[in-house]
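Right, one structure below, let's go through it.
Any read-out appearing in this document is the output of simple, stated calculations on the displayed coordinates, not a laboratory observation. The structure presented is a predicted model; accordingly, all values stated were derived computationally and were not measured. As a convention, Cβ positions derive from the backbone with ideal geometry for all residues, glycine included, and neighbour counts pool all protein chains shown.
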Ligand code: NCD
C-alpha cells in the first residue's frame, strides 16, 4: 500500500523565510516540531546528516554577528550543505557595488540558499525578488529576526512544554529591536500574553496595536510573568541621545535579582545576546543556571536553523 506523502505547511516556491509576520501558525509549529528532532542529534557524538548533500548555502552578513552566523554555518554543515560565508568587509560592496548587483553575482553561481543579515529593514525581501533560491532572513534592521524568535520559542517549549497561556515580558530597547518584533508576533501567535517594558524614549509609538501591553515600570510590567526576555541597547541604531546615562538606565531597567522578584517565583530569564553586563542585566543573574536560559538559547539555535534549512530548501 502506498504511504501518503507528508504535506508541508510551507508551500511557496522558492520558499523564503523573511519574517514571522508572513508565517502561519501551522508553518511556525512545523518548524518547531522539526527543530525538536535535531536537539538530540546535536548533543550526540556523531552530528552529521546528509539530507541536504549537494546544496550550496551562502551566508551574507553585512552586520557583525557571532551567534547567528556560526549557528547558520554549523546548521548547514550538519545537514551536509556546502556553506560559504562571505566576509562583507572585503567584498566589492566596498568598491561601490549595490546589494542587488552583489546578489546577482552570487545568484549566477547557483546557490540553493542565501542567508542574509543586513542593516536595512526589508533588504532580505528585496533580495528574494531578485534571486531564484531560498532566502532566509538572519536579521534586517529593526524589522525582523525570525530564527531568533523561533529559537526562543523552542527554548521556552523545552522548559515549559507549551507557550500557550504563558505571560512573557520583553524588556529594554524595544524601539530598535528586531528580536522584540519577531517575538511579539510569534509569542502572540502561539497563545502567550506579551508585556513590553521600556523607557518612553525606547518604546515605539502604536506598539499596543501589535497586541501587547506596554509598561514603563519594571515592577508593573514583570508582575506575574513566566518568562523575562532582556534586550541590549542597540546603540548602533540610535541617532541622538535616547537616555540620560547607562547608570540611570540600569537603575530603572536593568534586570537584577531584586527586580526579577516582581515576576513569578519560577520565572526564567532569556537574552538573545550579546549581553551588556551591568547595563541591561546584572552579571551574576546572567550566569545563574537556575534562572538563565541564555546558553540553552544558543544551543537550540542550531536545531532551529537546521529545521529552517531543511524545510525551506527545495
Ligand atoms: C540580536 C540581533 O542581532 O538582532 N542578536 C542576535 O542575533 N543574537 C540582538 C542584538 O544584537 O542585540
Worksheet item: Taking Cα pairs under 8 Å and at least six residues apart, what relative contact order does the chain come out at, in percent?
Response: 21
Fill in: Nearest 10 degrees, 0 to 90: helix 67-78 Cα axis against the chain principal axis
40
Practice prompt. Compute the acute angle (0 to 90°) between the alpha-carbon long axis of helix 25-43 and the principal axis of greatest extent of the alpha-carbon atoms of the chain; round to the nearest 10°.
Written response: 80
Discussion item. Can you give me the distance in nm between label points at residue 200 and residue 288, each placed 7 Å from the Cα along the Cα-to-Cβ direction?
Written reply: 3.1
Item to complete: Highest first, please rank the peptides 129-139, 290-300 by the mean number of other Cβ atoms sitting within 10 Å of their residues.
Response: 129-139, 290-300
Response to the item:
In whole angstrom, the spacing between the Cα centers of segment 278-302 and segment 73-144 equals 29
Practice prompt. Just order 220-232, 52-64, 273-285 by mean Cβ neighbour count inside 10 Å, highest at the front, would you?
Written response: 220-232, 52-64, 273-285
Worksheet item: Helix 178-189: angle to the longest alpha-carbon principal axis of the chain, degrees 0 to 90, nearest 10?
Response: 90
Worksheet item: Separation of segment 175-207 and segment 147-165 by C-alpha centroid, Å?
Response: 16
Practice prompt. At 7 Å along the Cα-to-beta-carbon direction for both residue 105 and residue 42, put a label point, then send me their distance in nm to one decimal.
Written response: 3.3
Fill in: Which of 77, 200 has the fewest Cβ neighbours within 10 Å, and the rest in rising order
200, 77
Worksheet item: To the nearest 0.05, how large is the calculated FRET efficiency for residue 22 and residue 130 if R₀ is 25 Å and r is the Cβ-Cβ distance?
Response: 0.90
Discussion item. Taking the square root of 5 times each eigenvalue of the Cα gyration tensor, what semi-axes in Å does the equivalent ellipsoid of the chain have, largest first?
Written reply: 32, 24, 17
Item to complete: Express the Stokes-Einstein translational diffusion coefficient of segment 74-118 in µm² s⁻¹, to the nearest whole number, given a Kirkwood radius over alpha-carbon pairs, 37 °C and a viscosity of 0.692 mPa s.
Response: 277
Response to the item:
So for segment 62-167, using the alpha carbon gyration tensor with a ≥ b ≥ c as root eigenvalues (a/c under 1.5 gives rounded; past that, a/b versus b/c decides prolate or oblate), I'd call it prolate
Worksheet item: Kirkwood hydrodynamic radius of segment 133-205 from all distinct Cα pairs, in Å?
Response: 12.8
Response to the item:
By the mean-Cβ-within-10 Å protection proxy, highest first, 106-116, 259-269, 147-157 rank as 147-157, 106-116, 259-269
Worksheet item: Counting each DSSP H run of 4 or more residues in the chain as -39500 (n - 2.57), what helix-only mean residue ellipticity at 222 nm follows after dividing by all residues, to the nearest 500 deg cm²/dmol?
Response: -11000 deg cm²/dmol
